[in-house]
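Computed from the coordinates by the stated procedures, all read-outs in this text should not be read as laboratory data. All values derive from a computational prediction rather than experimental measurement. Counting neighbours? That spans all protein chains shown, and the Cβs are built from the backbone with ideal geometry, glycine included.
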Protein chains: 2
Amino acid sequence: MSIPGGRRVIWTDVAPRDGLQSWPGGPVPTGVKVRLIEGLLAAGAPRVEAVAMVSPRAVPLMADAPLVLEALGPGPLPRLRALIPNPRGLERALERGITEVLVTVGATDAFNRRNVNRDVERSLAELGGIVTGAHAAGCRVDVALSVVFGCPYEGRVDPGRVAALCARIAEMGADEVGVADTIGVATPAQVRDLLARVMAVVPADRLSCHFHDTRGLGVANVLTAFHAGVGRFDGSAGGIGGCPFAPRSTGNVCSEDSLLALAAEGAEVGVDLAAYCEVSRRLAADLGVDALPGRLHRAGIWDPAQP
Amino acid sequence: MSIPGGRRVIWTDVAPRDGLQSWPGGPVPTGVKVRLIEGLLAAGAPRVEAVAMVSPRAVPLMADAPLVLEALGPGPLPRLRALIPNPRGLERALERGITEVLVTVGATDAFNRRNVNRDVERSLAELGGIVTGAHAAGCRVDVALSVVFGCPYEGRVDPGRVAALCARIAEMGADEVGVADTIGVATPAQVRDLLARVMAVVPADRLSCHFHDTRGLGVANVLTAFHAGVGRFDGSAGGIGGCPFAPRSTGNVCSEDSLLALAAEGAEVGVDLAAYCEVSRRLAADLGVDALPGRLHRAGIWDPAQP
């Protein structure tokens, strides 16, 4: 195996949005979210998915998005990303100084319909307008394709279909094309297979991977994708976030565990891992739990000089 | 990367011994241990580390070892392994029908002294007698070298020293030579480096790896070792077990999460993963906790045909 050394990794921490969106303890105080985002930025997280600009009726736990952004200071807000569901969400995000948005599209019609009540083609048709509108305003647009390894309604997803959708999204001008293992069923072999197909149609520097640790393979999948040439990843501080399709299960792969693994493989991750762990420990305390699902924030960085 | 296909993996589940030895809830009822061992055997675990034949004064939580073995029926007891600390432990194990024992030796003098109150050379000197005595009785002897990637007292451990110790242990006739990341500090790069040295002096079919998931890299390290040619591993059902050097941290890598990953990489693991998950869920219930640290037993095996 060849070991790429010194390759830069752009990690997006999705804890404030994707991680807390399903927090079973109910709404998280705005102050906790703001402190989390500020802590992640201070620890060097290249990007932070801070909020979702969605209808408060659809996702009540994200209703304080305007307050969160207001607390983070006047825009423009570099290094922050906002999830938007539609053109109206883009407007809301631009008004608040957001400079990078994320749109998700299901890889299957069944998933997309349950999520946004339309088939994949209709979502893609709308996507063109979002990309044009965002770019006209100087805003980056990341597009993530959900359930690419498996769908809770349709089962296994054809990698050829995923690659074809990725190609179309790249052609539409998305700045980043992401493939997301939304329900956490990918294995390293499947990651290698899918990436070989997707990397034939999406430039490596625009490709991103979003893994979940639902079945314990999250970090292994991150390393597999890194060795395949991927340099952009999502994950959450402390591995916070669940899986709506598997109660009590873990969701997003843990950022700091993954970043430790990537750094050990020679990647330039650009974060202060000790500070990152402190952010996760503080988040756990703020949420009133002993520890989050991730591992490193509990054990701490090991220093051979001071074992 | 070359992907070996169909290679047999011999997994030893150490949950009943290593996993429960440090259970913070105190002594685990003998019946729970017996049910766990029987469940693991029924799920197809190739081997189960069932008990430690140690002084009840030294390890009170293992004081019921004779009762556990009695409940498992008259010997000989194939597929079960017992940890023994010394020749007296071997006698106790042989009396109970045990056909495979494990002896651990620290890779550093400081660790070995804290553990068994003697330096590594004195442990190795005693090991010769144990191997001879066990083999004369038709009993296999596995020897695991602890803290090979890092020692809580001496820091980083020289891989050359580890390889030299492994060579001596192999020459002494140990049936299996194990390298153990006792405090969970190994990274895939270090695993590759150490194994390259150890595999030059220990035949691959006698080499075993024992990883901890203390910092989230457990499954990734298992896969790295597998791709390096290792076919024998330790781990625990549900990832049960802690790390005495990092309170609240996870210890042993989770068996079923690792076995899923290995099977997906083409290994023949020989277990019923769904039954394995059920064993972990039952253990969690028996211990009165919602879930164990591992992931797969919470989410369950994903069936693409019945998503």
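List of remarks:
- Taking 0.36 nm per residue of sequence separation and removing the Cα-Cα distance, the A:Ala164/A:Val289 pair yields an extension gain of 40.7 nm.
- 222 nm mean residue ellipticity, helices alone, for chain B (DSSP H n ≥ 4; -39,500 (n - 2.57); rounded to 500): -11500 deg cm²/dmol
- For A:Gly129, inter-copy label distances in nm, listed shortest first [label point 7 Å out on the Cα-Cβ vector]: 8.5
- Under 14 Å from the A:Thr132 label point (7 Å along Cα→beta-carbon), backbone N, the range A:75-110: A:87
- Annotation: amide H of A:Ser22 within the under-5 Å range of A:Gly242, sequence separation 5 or more or interchain, hydrogens built in the peptide plane.
- Radius of gyration and Dmax over the Cα atoms of the range B:196-235, both given in Å: 10.3, 29
- Lys, Arg +1 and Asp, Glu -1 on Cβ, resulting dipole of the protein assembly as shown about Cα centre, debye, nearest 20: 280 debye
- Residue mean of other protein chain beta carbons inside 10 Å, B:253-266: 3
- Compactness of chain B as Cα Rg over 2.2 N^0.38 Å, two decimals: 0.93
- Two-site FRET efficiency, A:Ala263 against A:Ala200, from Cβ-Cβ distance with R₀ of 22 Å, rounded to 0.05: 0.15
- Placing a label point 7 Å from Cα along the Cα-to-Cβ axis, A:Met172 is separated from the same position in the other copies by 6.5 nm, shortest listed first.
- nm² value of the averaged projected area, convex hull over the Cα atoms of the range B:171-307: 9.5 nm²
- The three principal axes of the Cα atoms in the protein assembly as shown give end-to-end lengths of 81, 49, 43 Å, sorted in falling order.
- Within 10 Å of each Cβ in B:232-239, the average number of Cβ atoms from other chains: 0
- Taking chain A and dividing mean pair separation by its residue count, relative contact order in percent (alpha carbons under 8 Å, at least six apart): 20 percent
- Rg(Cα) / (2.2 N^0.38 Å) computed for the range A:7-91, rounded to two decimals: 1.06
- Electrostatic bookkeeping for B:Trp11 treats Lys and Arg as +1 and Asp and Glu as -1; over the other residues with beta carbon under 13 Å from its beta carbon, the sum is -2.
- Over the Cα atoms of the range B:109-181, the radius of gyration divided by the Kirkwood radius equals 0.98; this is the Rg/Rh ratio.
- Selected from A:Ser208, A:Ser123, A:Ser55 as most flexible by GNM, with chain A as the system and alpha-carbon contacts under 10 Å: A:Ser55
- Hull volume in cubic angstrom per residue (convex hull over the Cα atoms of the range B:64-115): 80 Å³
- Shortest-first distances to equivalent copies, position A:Arg113, nm, label 7 Å out along Cβ: 7.1
- Per-residue shielding of A:151-158, expressed as the average number of other chain Cβ atoms within 10 Å of the residue Cβ, stands at 2.
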